[in-house]
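Some notes on the structure that comes next.
The values are calculated or read from the model by the stated rules, or taken from the named source; none is laboratory data. None of these values were measured; they are calculated from a predicted model. Note that each Cβ is placed from the backbone with ideal geometry, even for glycine, and that neighbours are counted across all protein chains shown.
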Amino acid sequence: METATLLFLSFIVVQRLSELVIAKRNTARLLARGAFEVGAEHYPVMVLMHSTWIASLIIFGLNASVHFGWLAVFAVLQLLRVWILGSLGRRWTTRIIILEEPVVVRGPFKYVSHPNYMLVVAEIIVAPLVLGLGWIAVLFTVLNAAMLWVRIGVEHRALAPFRVA
């Protein structure tokens with residue numbers, strides 16, 4: 001196994017696990033402020049899909065070589081991730097938590113409705129391509145599209161009363 005491959009896969013695992021810790025902390029804070037969750041029924045399916053994606057990258061990519069052009073694209077995506085998470089601050093979570101306040105409209109949210117979902121779509125495509133696993137990119141793009149169709153619909157309905165005209 002190449003060092004670059006091990007570092008790349010380790011980064012993805014550590015990043016996702018740290019995000020779960022941040023999301024759990026932020027969710028608890030939001031709920032303590034009177035927020036409520038919607039769409040909880042699809043959350044375990046989403047977690048399973050993302051966990052399976054990561055497992056697939058590890059299982060099938062462990063002996064792969066890193067394609068550094070795609071790695072550069074992935075690095076740019078990580079800069080976007082920092083911008084998105086920074087813009088949402090303590091409101092960022094992996095669940096759909098509704099706080100009865102206006103939605104965030106700064107940072108990338110000023111330009112597009114769902115920059116975090118757009119980022120995840122890109123990562124689901126790009127990370128496998130870093131390892132030359134195009135079939136994983138295709139498979140999980142389709143699965144993620146189905147998940148986002150459900151999730152964005154639930155989120156839009158729940159946030160509609162809090163959007164600033």
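Tally the residues that are of a type outside the set (A, V, I, L, M, F, W, C), part of a helix (DSSP H, G or I) and farther than 18 Å from Glu2 by Cβ, restricting the search to the range 109-131. Lay out the reasoning, then the answer.
We begin by selecting, within the range 109-131, every residue of a type outside the set (A, V, I, L, M, F, W, C); these are 110-111, 113-117, 123, 128.
With the extra rule that they be part of a helix (DSSP H, G or I), the set shrinks to 110, 115-117, 123, 128.
Subsequent filtering for residues that are farther than 18 Å from Glu2 by Cβ retains 110, 115-117, 123.
Of the residues in that region, 5 qualify.
Based on what the data block shows, is Leu80 in contact with a Leu (Cβ under 9 Å, 6 or more places away or on another chain), surrounded by 16 or more Cβ atoms within 10 Å (Cβ to Cβ), at pLDDT 95 or above and assigned to a helix (DSSP H, G or I)? Full working, then the answer.
Values: in contact with a Leu (Cβ under 9 Å, 6 or more places away or on another chain): yes; surrounded by 16 or more Cβ atoms within 10 Å (Cβ to Cβ): yes; at pLDDT 95 or above: yes; assigned to a helix (DSSP H, G or I): yes.
Considered against the rule, which asks whether it is in contact with a Leu (Cβ under 9 Å, 6 or more places away or on another chain), surrounded by 16 or more Cβ atoms within 10 Å (Cβ to Cβ), at pLDDT 95 or above and assigned to a helix (DSSP H, G or I), Leu80 comes out as yes.
Picking from Ile54, Ile125, which residue would you name as being over 19 Å from Ala158 (Cβ atoms) and without any contact (Cβ under 8 Å) to a residue 24 or more places away in the chain? Steps first, please.
On the way: Ile54 fails: without any contact (Cβ under 8 Å) to a residue 24 or more places away in the chain.
That would be Ile125, the only listed residue that is over 19 Å from Ala158 (Cβ atoms) and without any contact (Cβ under 8 Å) to a residue 24 or more places away in the chain.
Please enumerate the residues belonging to the range 41-55 that are closer than 11 Å to Leu9 by Cβ and not β-branched (Val, Ile, Thr).
Taking the range 41-55 as the starting set, the residues that turn out to be closer than 11 Å to Leu9 by Cβ are 54-55.
Ala55 - this is the single residue of the range 41-55 that is closer than 11 Å to Leu9 by Cβ and not β-branched (Val, Ile, Thr).
Between a first residue in the range 20-32 that is at negative phi and a second residue that is among the charged types (D, E, K, R) and not in a helix (DSSP H, G or I), which pairs have beta carbons less than 6 Å apart while being 6 or more apart in sequence or on different chains?
Thr27/Arg95
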